[in-house]
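The values are calculated or read from the model by the stated rules, or taken from the named source; none is laboratory data. Please read all numbers here as calculations on a predicted model, not as lab measurements. Every residue, glycine among them, receives a Cβ derived from its backbone with ideal geometry; neighbour counts consider all protein chains shown. When the accessible area is computed, the model is the full protein with side chains, heavy atoms only, and any ligands, DNA or RNA have been set aside. Shrake-Rupley method; radii C 1.70, N 1.55, O 1.52, S 1.80 Å.
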Amino acid sequence: MSDDVVWSIINENLCSYKVKTKTQTFCRNEYNLTGLCNRATCPLANSQYATVREDKGICYLYMKTVERSAFPSKMWERVKLSKDLDKALRQINVNLIYWPKFMKAKCRQRFLKIQQYLIRMRKLRLRRQKKLTPVRLKIDRRETRREQKALIAARLDTNIEQELLKRLKEGTYGDIYNFSQVAFDKALDAEEMESEAEEGEKENESDEEETEINPEIERELEGEYEDSEEETHEFVEAEDSDIMSDEEDLEELNSRVTKLLEKSSQAESSSDGESADEESGPSKKRKLETKTKKKRKTGKKKMEIEYEIESSSLPKVKVVGR
């Protein structure tokens, strides 16, 4: 009787858990079995009621009886259901053995739905998902401003340090100026690093030049070696013009020699006397003529011409005289 009174009040008047739509009315009570607002599934209008709930991946069976209606803190009895589906269904049937069939069927159906969405949740956790992070514009702007200010301050510090080092090197302050040892050591280290880098660059450039020149030199040497192997000596007769010019030169030399011999013979003959000269004159002249003829015969030099043939250039001629 009390259940009918409660339902008449809730159905006709205001209920805080009721949500009306164009098609149906829903119930937002956490103990509702189906989520619909009607007489059979309302947890407030039924003194004997059962439902299934999930808490941190574990399913529980909640039961309400008339005997505990006077004690709101002890109104709902909770039974933990096993993770095995068959065992959990058996537990529901055992605990709701004398309850209406509608209540048993709806509890089993709710338990199956909860198990299905738990399985889906586990699968989604195993997959890679995008993590959404909120965009904090104010904090980002504040951080960017601080970074810019820190960069400006760092540049100023480096500029001041460089200027002081320059003045120290120039000797503007002399020995009076007390410079920090840490900054001075940093400057020395930087100069050493720069000098080492320059030396390394110079060495690399020299190595590159050597590597560029070496192949050219090797090619030239190989070409010269091949040309020296390919050279052949050939003897060729001289041309008529060259032979004529050489014979004319030899005749001029012979004529000069004969004149000198005649002068020397005349000087010797003048010392012996004119008589001896007259008697022995023709015989001497004959001897001189024979000598000159022999010299003319023997005076002609043999000419040999050698040609050197090269693969890259025109033939070179060498004249060898005997």
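Numbers at a glance
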item: Every residue from region 100-136 that is open to solvent by 100 Å² or more (accessible area, probe 1.4 Å) and either among the aliphatic types (A, V, I, L, M) or under 30 Å from C42 (Cβ atoms) (or both); result: K101, K113, R120, L126, L132, V135
item: Matching entry among E191, E208 (being within 32 Å of the chain's Cα centre (by Cα) and modelled with pLDDT of 70 or more); result: E191
item: Of the criteria (1) closer than 17 Å to N32 by Cβ; (2) in contact (Cβ under 8 Å) with a residue 24 or more places away in the chain; (3) of a type outside the set (V, I, T), which one L118 fails; result: (1)
item: Those residues of region 58-94 which are small (G, A, S) and touching a Leu at 6+ places or on another chain (Cβ under 6 Å), in sequence order; result: A88
item: Within region 39-85, tally of residues that are free of Cβ contacts under 8 Å to residues at least 40 places away in the same chain and not charged (D, E, K, R); result: 19
item: Every residue from region 1-16 that is in a loop (DSSP other than H, G, I, E, B) and buried (at least 16 other Cβ atoms within 10 Å of the Cβ); result: C15
item: Enumeration of residues in region 44-71 that are open to solvent by less than 50 Å² (accessible area, probe 1.4 Å), under 15 Å from L96 (Cβ atoms) and more than 60 Å from the chain's Cα centre (by Cα); result: N46, Y49, A50, T51, V52, Y60, L61, Y62, M63, K64, T65
item: Hits in region 73-90 (condition: closer than 22 Å to P43 by Cβ and either basic (K, R) or in contact with a Ser or Thr (Cβ under 7 Å, 6 or more places away or on another chain) (or both)); result: K74, M75, R78, K80, A88
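Okay, residues lined up against (1) at pLDDT below 90; (2) among the basic types (K, R); (3) closer than 30 Å to R122 by Cα; (4) in a strand (DSSP E or B):
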residue: T34; (1), (2), (3), (4): no, no, yes, no
residue: C42; (1), (2), (3), (4): no, no, no, no
residue: L61; (1), (2), (3), (4): no, no, yes, yes
residue: S69; (1), (2), (3), (4): yes, no, no, no
residue: S73; (1), (2), (3), (4): yes, no, no, no
residue: E77; (1), (2), (3), (4): no, no, yes, yes
residue: S82; (1), (2), (3), (4): no, no, yes, no
residue: K87; (1), (2), (3), (4): no, yes, yes, no
